[in-house]
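Engineer: After the structure tokens below, expect a handful of questions from me.
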């Protein structure tokens, strides 16, 4: 793993760049290489972003439990919720922390295991063609200004590499199972941001 460069939040967001040596990795992101990933189907365009929300344990916005979940390192945790997740094999490409820090687990060129059984319009298996971004949060708390600013910067960078055109929430593609990113996620704010401009969410806004 490698740490993010020491810089102000504003400077960090302005200077997000791709690694020149490791395809699909953001140079300034803190990195944990998750084993829960594999190759995408050949000739599959990466044209969608899926927005998630996560807090572990539920309602807690600190600690390393999310990283340990995506790295399969929850076995033996004394917290009953975390212990119950120890057998899960999941990941996301990126996690955006409450203060705007970026953590990356999977190259955006590869398939992360974030969507599960899912459908977007006429396409199933959304992991094949999407990038999964987790926001540290839940259904009960507003997301932070820093997270929206960081998400916009991340989307701008992603669009340099991938032909993104659609964006959706986990609840859009798996409505019977998921509620995230939840009622506090401001879709209009995101779509009107520099990173969201030109992306389409093919669902009604709550």
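Engineer: Residue 143 - would you say it is surrounded by fewer than 22 Cβ atoms within 10 Å (Cβ to Cβ), touching a strand residue (DSSP E or B) at 6+ places or on another chain (Cβ under 9 Å), modelled with pLDDT of 95 or more and within 27 Å of residue 202 (Cβ to Cβ)? If you could, list the steps in order and put the result at the bottom.
Structural biologist: Working: surrounded by fewer than 22 Cβ atoms within 10 Å (Cβ to Cβ): no; touching a strand residue (DSSP E or B) at 6+ places or on another chain (Cβ under 9 Å): yes; modelled with pLDDT of 95 or more: yes; within 27 Å of residue 202 (Cβ to Cβ): yes.
Spelling it out, it is not the case that residue 143 is surrounded by fewer than 22 Cβ atoms within 10 Å (Cβ to Cβ), touching a strand residue (DSSP E or B) at 6+ places or on another chain (Cβ under 9 Å), modelled with pLDDT of 95 or more and within 27 Å of residue 202 (Cβ to Cβ).
Engineer: Checking residue 160 against (1) under 22 Å from residue 116 (Cα atoms); (2) touching a strand residue (DSSP E or B) at 6+ places or on another chain (Cβ under 9 Å); (3) modelled with pLDDT of 95 or more; (4) surrounded by fewer than 18 Cβ atoms within 10 Å (Cβ to Cβ), which test does it fail?
Structural biologist: In the conditions (1) under 22 Å from residue 116 (Cα atoms); (2) touching a strand residue (DSSP E or B) at 6+ places or on another chain (Cβ under 9 Å); (3) modelled with pLDDT of 95 or more; (4) surrounded by fewer than 18 Cβ atoms within 10 Å (Cβ to Cβ), residue 160 misses (1) alone.
Engineer: Next up: Check the range 84-99 and report whether any residue there is surrounded by fewer than 19 Cβ atoms within 10 Å (Cβ to Cβ), at pLDDT 95 or above and within 20 Å of residue 186 (Cα to Cα).
Structural biologist: yes
Engineer: Restrict the check to the range 146-155 and report whether at least one residue is surrounded by 23 or more Cβ atoms within 10 Å (Cβ to Cβ), assigned to a strand (DSSP E or B) and in contact with a helix residue (DSSP H, G or I) (Cβ under 8 Å, 6 or more places away or on another chain).
Structural biologist: No, the range 146-155 contains no residue that is surrounded by 23 or more Cβ atoms within 10 Å (Cβ to Cβ), assigned to a strand (DSSP E or B) and in contact with a helix residue (DSSP H, G or I) (Cβ under 8 Å, 6 or more places away or on another chain).
Engineer: Follow-up question, since we're still on this one. So is residue 41 modelled with pLDDT of 95 or more, closer than 19 Å to residue 132 by Cβ, part of a loop (DSSP other than H, G, I, E, B) and over 19 Å from the mean Cα position of the chain (by Cα) or not? Before the answer, list the steps.
Structural biologist: On the way: modelled with pLDDT of 95 or more: yes; closer than 19 Å to residue 132 by Cβ: yes; part of a loop (DSSP other than H, G, I, E, B): yes; over 19 Å from the mean Cα position of the chain (by Cα): yes.
For residue 41, the condition - modelled with pLDDT of 95 or more, closer than 19 Å to residue 132 by Cβ, part of a loop (DSSP other than H, G, I, E, B) and over 19 Å from the mean Cα position of the chain (by Cα) - is met.
Engineer: How many of the residues in the range 68-96 are outside any loop (DSSP other than H, G, I, E, B), more than 24 Å from residue 108 (Cα to Cα) and out of contact with any helix residue (DSSP H, G or I) (no Cβ under 7 Å at 6 or more places or on another chain)?
Structural biologist: Keep residues of the range 68-96 that are outside any loop (DSSP other than H, G, I, E, B), which gives 68-70, 80-84, 94-96.
From the residues that got through so far, the ones that are more than 24 Å from residue 108 (Cα to Cα) too are 80-84.
Adding the requirement that they be out of contact with any helix residue (DSSP H, G or I) (no Cβ under 7 Å at 6 or more places or on another chain) leaves 80-81, 83-84.
Result for the range 68-96: 4.
Engineer: Let me ask something else about it. Which of the following residues is within 22 Å of residue 136 (Cβ to Cβ), surrounded by 13 or more Cβ atoms within 10 Å (Cβ to Cβ), under 15 Å from the mean Cα position of the chain (by Cα) and at pLDDT 95 or above: 27, 31, 68? Steps first, answer last, please.
Structural biologist: Details: 27 fails: under 15 Å from the mean Cα position of the chain (by Cα); 68 fails: under 15 Å from the mean Cα position of the chain (by Cα).
Result: 31 is the single residue among 27, 31, 68 that is within 22 Å of residue 136 (Cβ to Cβ), surrounded by 13 or more Cβ atoms within 10 Å (Cβ to Cβ), under 15 Å from the mean Cα position of the chain (by Cα) and at pLDDT 95 or above.
The values are calculated or read from the model by the stated rules, or taken from the named source; none is laboratory data. Here the structure is a predicted model, which means the values were calculated and not measured. So basically every Cβ, Gly included, is an ideal-geometry build from the backbone, and we count neighbours across all protein chains shown.
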